[in-house]
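Visitor: Before I ask anything, let me first share the structure, which is written out below as structure tokens.
The values are calculated or read from the model by the stated rules, or taken from the named source; none is laboratory data. All of these numbers come straight from a predicted model, not from anything done at the bench. Don't worry about glycine lacking a Cβ; one is built from the backbone with ideal geometry, like all the others, and counts go over all protein chains shown.
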Amino acid sequence: MSRVRVHNFSISLDGFATGEPQTLDAPFGHAGERLHEWMFATRFWDDASGADGVDNALAERHGQGIGAEIMGSGKFGPPGWQDDPQWRGWWGEDPPFHTPTYVLTRHPRPPLEMAGGTTFHFLDTTPAAALEVARQAAGGGDVRIGGGPTVLREFLAAGLVDHLHVVQVPILLARGVRLWDGLEALEQQYRVEAVSTPSGVVHLTFTR
């Protein structure tokens, strides 16, 4: 059976995966781009001037063997996007997923076919049911849970994640949406490895 994976999911020292408020101009709220600066400096993100090294090696695993993605409504767009029939996601006409991508929302709409092989499907269902649909579409590939933190927390609470790569960034946000709330003793279900890198981040890998 295909695995369920999470990659490059950044959180602050106090556990926040996004700031507030989320708006069209600030997808991560007051956090801005600070949670992801480590990744922007890698060759994975910027092939022309990005650096190799441990950060890059771990970041590159993001797309390997992925056949479908699941994300929450907050990753697809800012609050209220469901009321805008013209909204097509943050990423332009060629999103970076290149697979069937399932958006969990209370307001389903018809599938949205984009360039590059990405088709967005909008589902109002449980994590387990969404995973079953995504696995069928993945054609034997793994399913990536892309976030945000609320959806990822739901998949973790349901015991559905096989591989979790969390990047702890040395900043404090103090407000926003936390990842770990309600997941007491989650580490007992996984083998946990930690790798610190010169960028100042700590890569935490949870393997079932």
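Visitor: Considering only segment 29-50, how many residues are part of a loop (DSSP other than H, G, I, E, B), buried (at least 21 other Cβ atoms within 10 Å of the Cβ) and either touching a strand residue (DSSP E or B) at 6+ places or on another chain (Cβ under 7 Å) or of a type in the set (Lys, Arg) (or both)? Please lay out each step first, then the result.
Guide: Within segment 29-50, the subset part of a loop (DSSP other than H, G, I, E, B) is 32-33, 41, 43-50.
Subset that is buried (at least 21 other Cβ atoms within 10 Å of the Cβ): 44.
The next check asks that each one be either touching a strand residue (DSSP E or B) at 6+ places or on another chain (Cβ under 7 Å) or of a type in the set (Lys, Arg) (or both); those that pass are none.
Residues in segment 29-50 being part of a loop (DSSP other than H, G, I, E, B), buried (at least 21 other Cβ atoms within 10 Å of the Cβ) and either touching a strand residue (DSSP E or B) at 6+ places or on another chain (Cβ under 7 Å) or of a type in the set (Lys, Arg) (or both): 0 in total.
Visitor: When you look at ARG208, is it surrounded by fewer than 18 Cβ atoms within 10 Å (Cβ to Cβ), out of contact with any Pro (no Cβ under 6 Å at 6 or more places or on another chain) and among the charged types (D, E, K, R), yes or no?
Guide: Working: surrounded by fewer than 18 Cβ atoms within 10 Å (Cβ to Cβ): yes; out of contact with any Pro (no Cβ under 6 Å at 6 or more places or on another chain): yes; among the charged types (D, E, K, R): yes.
So ARG208 passes the test.
Visitor: Condition first: within 24 Å of ALA51 (Cα to Cα), in contact (Cβ under 8 Å) with a residue 24 or more places away in the chain and surrounded by fewer than 17 Cβ atoms within 10 Å (Cβ to Cβ). Can you find one or more residues in segment 131-144 that meet it? Show your work before the answer.
Guide: Filtering segment 131-144 for residues within 24 Å of ALA51 (Cα to Cα) gives none.
Scanning segment 131-144 turns up no residue that is within 24 Å of ALA51 (Cα to Cα), in contact (Cβ under 8 Å) with a residue 24 or more places away in the chain and surrounded by fewer than 17 Cβ atoms within 10 Å (Cβ to Cβ).
Visitor: Here is a list: THR205, THR150. Which entry is within 15 Å of GLY72 (Cβ to Cβ), of a type in the set (Val, Ile, Thr) and touching a helix residue (DSSP H, G or I) at 6+ places or on another chain (Cβ under 9 Å)? I'd like the intermediate steps shown before the answer.
Guide: Working: THR205 fails: within 15 Å of GLY72 (Cβ to Cβ).
None of the others qualify; the one that does is THR150.
Visitor: Restricting to segment 145-165, name every residue that is over 27 Å from TRP81 (Cα atoms) and buried (at least 21 other Cβ atoms within 10 Å of the Cβ).
Guide: Of everything in segment 145-165, those that are over 27 Å from TRP81 (Cα atoms) and buried (at least 21 other Cβ atoms within 10 Å of the Cβ) turn out to be VAL161, LEU164.
Visitor: Right, another one. Residue by residue through segment 173-204, note down the ones that are without any contact (Cβ under 8 Å) to a residue 60 or more places away in the chain, in a strand (DSSP E or B) and surrounded by 17 or more Cβ atoms within 10 Å (Cβ to Cβ).
Guide: LEU204
Visitor: Okay, moving on. I'd like to verify a number: residues in segment 63-100 that are in contact (Cβ under 8 Å) with a residue 40 or more places away in the chain and hydroxyl-bearing (Ser, Thr, Tyr), how many?
Guide: Qualifying residue count for the region: 1.
Visitor: OK, next. Checking the condition in contact with a Gly (Cβ under 7 Å, 6 or more places away or on another chain) and either outside any strand (DSSP E or B) or within 24 Å of GLU132 (Cβ to Cβ) (or both), which residue from GLN22, GLN82 passes? Even if it seems obvious, please write down each step before you answer.
Guide: Numbers: GLN82 fails: in contact with a Gly (Cβ under 7 Å, 6 or more places away or on another chain).
Exactly one residue qualifies, and that residue is GLN22.
Visitor: I'd like to know if segment 193-205 contains one or more residues that are touching a Ser or Thr at 6+ places or on another chain (Cβ under 8 Å) and either modelled with pLDDT under 95 or more than 18 Å from ALA57 (Cβ to Cβ) (or both).
Guide: The answer is no, given that none of the residues of segment 193-205 is touching a Ser or Thr at 6+ places or on another chain (Cβ under 8 Å) and either modelled with pLDDT under 95 or more than 18 Å from ALA57 (Cβ to Cβ) (or both).
Visitor: Pairs only if they're at least six apart or on different chains, beta carbon under 7 angstrom, first in segment 51-62 and more than 15 Å from VAL6 (Cβ to Cβ) and in a helix (DSSP H, G or I), second at pLDDT 95 or above and among the basic types (Lys, Arg); list them, first residue then second.
Guide: ASN56/ARG43
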